[in-house]
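One structure is given below, encoded as structure tokens.
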Amino acid sequence: MDKKTFLEKIEDLKNDEYMSDAQLEIFRARLVTLHAEFEERRKAKESEMMSINMRDASDEADRAQLIELQNLVLREKDGISNLSKCVVNALKAITSEDYGFCLQCGEEIGLERLKTSPFALNHAECLSDLDTTAKKLTGNIRIAG
Ligand SMILES: [Zn+2]
């Protein structure tokens, strides 16, 4: 079994032609893993939502706290859903051979940026709103590996 991490694999191929088949395969595998991970987290947040029962509130203060918790979990769930969508879009870009090139200007996004944000579809300079959200969220959610 290949024990190298995603970053090590990309590092090994950094002198390849940009977005070579080998690089794309590593990004694709990484995105598939991330997608599974985000879906799992989204489901966990959904069950957390379901487990919050307003009838458990004993008084008004308790109720207010539960509502606050509910909003927090909902925001987290939405954030994860957005990330998951970014990953799906990146996987589509691999299929359509647009991956690694900025959607706005068509220039190479660059391996360095893709290493930290494998689902980036734009340059840092050409960030879309969606990507800004994703970037902000990944600051809060640690991605393993
Ligand atoms: Zn650009």
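The values are calculated or read from the model by the stated rules, or taken from the named source; none is laboratory data. All values derive from a computational prediction rather than experimental measurement. Virtual Cβ from ideal backbone geometry, glycine too; neighbours counted across all protein chains shown.
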When Gln104 is evaluated against the numbered criteria (1) within 16 Å of the ligand (Cβ to nearest atom); (2) part of a helix (DSSP H, G or I), which criterion, by number, is the only one it fails?
-> (2)
Return the total of residues in segment 1-53 being among the basic types (Lys, Arg) and over 20 Å from Asn89 (Cβ atoms).
-> 6
Could you grab me the full set of residues in segment 90-139 that are farther than 18 Å from Ile10 by Cβ, modelled with pLDDT of 90 or more and loosely packed, with under 14 Cβ neighbours inside 10 Å?
-> Lys92, Thr95, Ser96, Glu97, Cys105, Gly106, Glu107
Restricting attention to segment 8-43, which residues are within 14 Å of Val87 (Cα to Cα) and polar (S, T, N, Q)?
-> Thr33
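Out of segment 16-43, which residues are in a loop (DSSP other than H, G, I, E, B) and either modelled with pLDDT under 95 or in contact with an Asp or Glu (Cβ under 9 Å, 6 or more places away or on another chain) (or both)?
Just the residues of segment 16-43 that are in a loop (DSSP other than H, G, I, E, B), to begin with: 16-20.
Answer for segment 16-43, where residues must be in a loop (DSSP other than H, G, I, E, B) and either modelled with pLDDT under 95 or in contact with an Asp or Glu (Cβ under 9 Å, 6 or more places away or on another chain) (or both): Tyr18, Met19.
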Ala29 fails exactly one of the following numbered conditions: (1) of a type in the set (A, V, I, L, M); (2) free of Cβ contacts under 8 Å to residues at least 24 places away in the same chain; (3) farther than 30 Å from Gly106 by Cα. What is the number of that condition?
-> (3)
